[in-house]
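Data first, discussion second: the structure below is written as structure tokens.
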Amino acid sequence: MSLEISMTGLGDRWRRVYPAYDRLPSVYERMNLAMTWGQVDRWRRQLATLLPQNARRVLDAGCGPGNMTRHLISAGRYVVGLDYSAEMLKAMRLDVDKVQGVFEMLPFRDGAFDVAVLAYALHAAKDLEKALAELTRVAYGVAAISMGKPDSPLIRRLFGLYVAYLVPTLARILAPGHVDEYKALKEILEAAVPNRDLKALLEKSLELKYFGTRGLGAIYMFYGERPQRAVKR
């Protein structure tokens, strides 16, 4: 099947979705654990293993309060955390440089990083193609784990019901006062393309070294590098 996509991502939906993140730092990880049935950090650790061993300059794009960042910090590694939400950045207690910005207009020079890492963040891109162009401009490799859209129509339908109805129910129990924010996940899922189409889109920008799914396709994970990578050491 040919890929006919001129623009993917949230588009104008970002105006309804992005403000929610400023209100979520205090409940963010609690809900992540519940929504992934306890797998959220396990999958972050799996993503970290995809990074090249010689990656020393790392951009944690969409870093939130630093849940992925702590898996990236190691001796001799320089890590920068970037997020749209100032409140998420304030909630990060790790000693790394913090920058406010968006994926589609990264405030870094070309090739500033060895790898850009996005944990549960790429699904919130306003324009996925522009985001990938920027990520591959500032980094030689891109690694991400994010909410996907299952290829199976049946599983896709079931996952849609989970996001639309069960996630808000979890929020009423675990994050009272933030139910409306978690209803925004439905907007993100509706804007997403099926995983197979996403993989085809990624292959336009990256030489994929790994692409896989978790949770019956509800989560995708990948690592790729710029085509014909040439890094001066």
Check: How many residues are farther than 28 Å from L170 by Cβ, surrounded by 15 or more Cβ atoms within 10 Å (Cβ to Cβ) and of a type in the set (S, T, Y) if we restrict to region 185-229?
Finding: 2
Check: Regarding Y84, is this residue open to solvent by 40 Å² or more (accessible area, probe 1.4 Å), over 11 Å from A119 (Cα atoms), touching a strand residue (DSSP E or B) at 6+ places or on another chain (Cβ under 8 Å) and touching a residue at least 40 places away in the same chain (Cβ under 8 Å)?
Finding: yes
Item checked: Matching residues in region 102-127 - criterion: being hydrophobic (A, V, I, L, M, F, W, C), farther than 24 Å from I73 by Cα and modelled with pLDDT of 95 or more -> M105
Item checked: Residues (among the hydroxyl-bearing types (S, T, Y) and surrounded by fewer than 17 Cβ atoms within 10 Å (Cβ to Cβ)) located in region 47-79 -> T49, S74, Y78
Notebook entry, point to check: Is it the case that L106 is among the hydrophobic types (A, V, I, L, M, F, W, C), touching a residue at least 40 places away in the same chain (Cβ under 8 Å), open to solvent by 40 Å² or more (accessible area, probe 1.4 Å) and in contact with a Lys or Arg (Cβ under 8 Å, 6 or more places away or on another chain)?
Noted result: no
Check: Considering only region 185-206, how many residues are in a helix (DSSP H, G or I), touching a strand residue (DSSP E or B) at 6+ places or on another chain (Cβ under 9 Å) and within 15 Å of L122 (Cα to Cα)?
Finding: 8
Next item on the list: Taking K209 as the residue in question, decide whether it is in contact with a strand residue (DSSP E or B) (Cβ under 7 Å, 6 or more places away or on another chain), among the charged types (D, E, K, R) and part of a strand (DSSP E or B).
Entry: yes
Check: Residues R44, R30, R23, R13: which one is modelled with pLDDT of 95 or more, touching a helix residue (DSSP H, G or I) at 6+ places or on another chain (Cβ under 9 Å) and open to solvent by 40 Å² or more (accessible area, probe 1.4 Å)?
Finding: R30
Item checked: Answer residue from region 112-146, given it is free of Cβ contacts under 8 Å to residues at least 60 places away in the same chain and either part of a loop (DSSP other than H, G, I, E, B) or hydrophobic (A, V, I, L, M, F, W, C) (or both) and is surrounded by the most Cβ atoms within 10 Å (Cβ to Cβ) among those -> A116
Notebook entry, point to check: Considering region 152-184 alone, what residues qualify as being buried (at least 16 other Cβ atoms within 10 Å of the Cβ), of a type outside the set (A, V, I, L, M, F, W, C) and in a loop (DSSP other than H, G, I, E, B)?
Noted result: H178
Notebook entry, point to check: Failed condition for D83, given (1) more than 17 Å from A143 (Cα to Cα); (2) under 18 Å from the mean Cα position of the chain (by Cα), with all others met?
Noted result: (1)
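The values are calculated or read from the model by the stated rules, or taken from the named source; none is laboratory data. Everything numeric in this text was worked out from a predicted model, so none of it was measured. Methodologically, a virtual Cβ is constructed for each residue, glycine included, from the backbone with ideal geometry; neighbour enumeration extends over all protein chains shown. For accessibility, only protein heavy atoms count, side chains too; no ligands or nucleic acids. Shrake-Rupley method; radii C 1.70, N 1.55, O 1.52, S 1.80 Å.
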